[in-house]
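Following: one structure in structure tokens, then a few remarks.
The values are calculated or read from the model by the stated rules, or taken from the named source; none is laboratory data. The shown structure was predicted, so the numbers you read here are calculated from the model rather than taken from an experiment. Reconstructed Cβ throughout: ideal geometry from the backbone, glycine too, with neighbour counts over all protein chains shown. Keep in mind that these areas ignore ligands, DNA and RNA; they rest on the heavy atoms of the full protein, side chains included. Shrake-Rupley method; radii C 1.70, N 1.55, O 1.52, S 1.80 Å.
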Amino acid sequence: MSKSGSTLPPGSPELLLPHWDPSQPRRAQLEAGLREAIRAGRLRPDTRLPSSRALASELGVSRRLVVETYEQLAAEGYVLSRRGSGTRVAPPTDASRNWGAPAVAPPPVPAPVEGIDLFPGAPDLSLFPRRAWGRALRHALAALPDSRLSYGELAGTAELRVALAEHLGRVRAADAAPDRVVVTAGYQQGLRLFCQLVRGRGGRRIAVEDPGYPIAGWTIESERLEVVPIPIDDDGIDVAALAAAAPDAVVVTPAHALPLGAVLAPERRRRLVAWARASDALVLEDDYDAELRYDRGPAGTLQGLAPDAVVLAGTTSKTLAPALRLGWLLLPPELVPTIVTARAMDDGGGPRIEELALAQLISSGAFDRHVRAARQRYRAKRAVLLEALADALPDAHVRGIAAGLHVVLELPGDAEEAAIVAQAKRGGVHIHGLASFSRRHAQPPGLVLGYGLPGERDLRQAVAVIAAAIQGSARPAGSAPATQGS
Ligand SMILES: Cc1ncc(COP(=O)(O)O)c(C=O)c1O
């Protein structure tokens, strides 16, 4: 933009403004050019800008245009204009401050990966009922009056709460009523609101199953509460250890534990409820994949047994898709207002149109039909996985096959779990070792294999890669262990 043979006084900054664009107003271009030069540090703080007269002459524009530009940049805080000392670049603002490390280290969150992903619990995304969802969305939009496009309905739409209460009562033997349902952005938000509820009651410590769902622990910590890891065995959480630890609340997965697959045994259910009532502790029941079971009848919810002490949390992430971010809490009545207020403060309420679509999907019966069909697909995929494992690793033992979207492949006691996971990854297969689910209570080595997401061919190929990784890592008796990750 500068003409050759500068008329700027000596010492004037090199402004580095771009060439004029004839289609844009010059003042806007000059403003943008100066802003950008200041932001990028080409014009450093306290640098004196040319006088309006000198710059106008240099650029071949009116002096008034430059004066107005300087005034605008002064109003925005980029420059300071003082009588007598001209116009100078302002000192840096807070925007350039170093905020330091985040208070809580960001945990690894699930994300798509290259290769074959055996992420435990990931559903088959190709099963998403696009047609039925599209119909439900159109139905929701057609029925929605303009007035309902505003704020409000913070507990979720009445239609969805009615549909969920009926569904949870019928399918999950829950003690449900629409006015005790609060719709959430997936289980994740339900858990977070639950943490806030516990803290609001003066609680400081929340127990989790160990091994368990890692994100639950990270969420509790991110809400500045202490995580209390409690061991879990084939009958579910160890209630005696829980009572001894005396937390303010506990998060459990009674229908199907991640990763070991336990169903909470009837006697433990009774003892867990008795403990919660006696110690005024709250129980959060994570019912994330309860609809997906293959070889046994569904275990009813703990909430149905003790609606006064248990908050039931559900999600559409397994039955439909994680991208919907739709879940729910079923609460004792006295906790509803606190949770609704917390949701209002968190994100101002849910996506009304999608909530109405889900209500329509459930009440029309399309959701039940979809879940029945999905169950058949997962049963078939599970058979492929188990057959491939039996062929490739005839001595291997597989646990937790009755329900859900993952199994646990037990490894020999001296196996290097981390090395096998790393080797499989090099072969393009993403798996997790049991260790990544444990906080305090280490498990014998094992691999957690999700079979929901990959197709059958990929499942077979994944098993071949995993089997080779296991066999390649096997050590002759008496040799030294390999280093982790090698
Ligand atoms: C144990 C457990 N709970 C809950 C969820 C679902 O969470 P969200 O509804 O936030 O997707 C998952 C998903 O992987 C899970 O494994």
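Is one or more of the residues making up segment 233-250 under 22 Å from Thr338 (Cα atoms), within 15 Å of the ligand (Cβ to nearest atom) and surrounded by 21 or more Cβ atoms within 10 Å (Cβ to Cβ)? Yes, segment 233-250 contains a residue that is under 22 Å from Thr338 (Cα atoms), within 15 Å of the ligand (Cβ to nearest atom) and surrounded by 21 or more Cβ atoms within 10 Å (Cβ to Cβ).
For segment 251-271, residues that are closer than 30 Å to Tyr451 by Cβ and away from the ligand (no atom under 16 Å from the Cβ) total 4. Residue count for segment 349-364 satisfying the condition of being under 22 Å from Ser126 (Cβ atoms), open to solvent by less than 40 Å² (accessible area, probe 1.4 Å) and of a type outside the set (Val, Ile, Thr): 3. Exactly one residue out of Arg201, Arg205, Arg170 is charged (D, E, K, R), under 13 Å from Ala342 (Cβ atoms) and surrounded by fewer than 22 Cβ atoms within 10 Å (Cβ to Cβ), and it is Arg201. Just one of the listed residues (Leu264, Leu193) is of a type in the set (A, V, I, L, M, F, W, C) and farther than 20 Å from Gly121 by Cβ, and it is Leu193. Quick check: is even one residue across segment 276-285 within 25 Å of Ala374 (Cβ to Cβ) and among the charged types (D, E, K, R)? Yes, segment 276-285 has at least one match. Scanning for something within 12 Å of the ligand (Cβ to nearest atom) and within 17 Å of Val182 (Cα to Cα), does segment 290-304 turn up at least one residue? Looking through segment 290-304, none of the residues is within 12 Å of the ligand (Cβ to nearest atom) and within 17 Å of Val182 (Cα to Cα). The set of residues in segment 286-342 that are open to solvent by 20 Å² or more (accessible area, probe 1.4 Å) and of a type in the set (S, T, N, Q) comprises Thr338, Thr341. Does Gly350 satisfy the criteria of being within 29 Å of Leu434 (Cβ to Cβ) and within 16 Å of the ligand (Cβ to nearest atom)? Considered against the rule, which asks whether it is within 29 Å of Leu434 (Cβ to Cβ) and within 16 Å of the ligand (Cβ to nearest atom), Gly350 comes out as no.
Among residues of segment 389-438 being among the small types (Gly, Ala, Ser) and open to solvent by less than 20 Å² (accessible area, probe 1.4 Å), the one that is nearest to Arg460 (Cα to Cα) is Ala424.
Residues that are part of a helix (DSSP H, G or I) and among the hydroxyl-bearing types (Ser, Thr, Tyr) do occur in segment 373-383. Need pairs with beta-carbon distance below 6 Å; first residue over 19 Å from Ala309 (Cβ atoms) and within segment 167-191, second assigned to a helix (DSSP H, G or I) and near the ligand (Cβ under 8 Å from one of its atoms); sequence gap 6+ or separate chains. Matching pairs, first to second residue: Thr184/Gly190.
Looking at Gly200, is it more than 16 Å from the ligand (Cβ to nearest atom) and more than 21 Å from the chain's Cα centre (by Cα)? Taking the combined requirement at face value, the residue satisfies it. Condition first: modelled with pLDDT of 95 or more and within 23 Å of Ile401 (Cβ to Cβ). Can you find one or more residues in segment 328-343 that meet it? The answer is no, given that none of the residues of segment 328-343 is modelled with pLDDT of 95 or more and within 23 Å of Ile401 (Cβ to Cβ). Of all the numbered requirements in (1) without any contact (Cβ under 8 Å) to a residue 24 or more places away in the chain; (2) touching a helix residue (DSSP H, G or I) at 6+ places or on another chain (Cβ under 7 Å), Ala383 misses one, and that requirement is (2). The residue that is nearest to the ligand (Cβ to nearest atom), counting only those in segment 212-224 that are part of a loop (DSSP other than H, G, I, E, B) and more than 13 Å from Val251 (Cα to Cα), is Glu223.
Out of all the residues in segment 305-329, which are within 11 Å of the ligand (Cβ to nearest atom) and small (Gly, Ala, Ser)? Result: Ala313, Gly314, Ser317, Ala321, Ala323, Gly327.
Looking at the structure I just gave you, is Gly134 more than 30 Å from Gly455 (Cβ to Cβ), open to solvent by less than 30 Å² (accessible area, probe 1.4 Å) and not polar (S, T, N, Q)? Taking the combined requirement at face value, the residue does not satisfy it.
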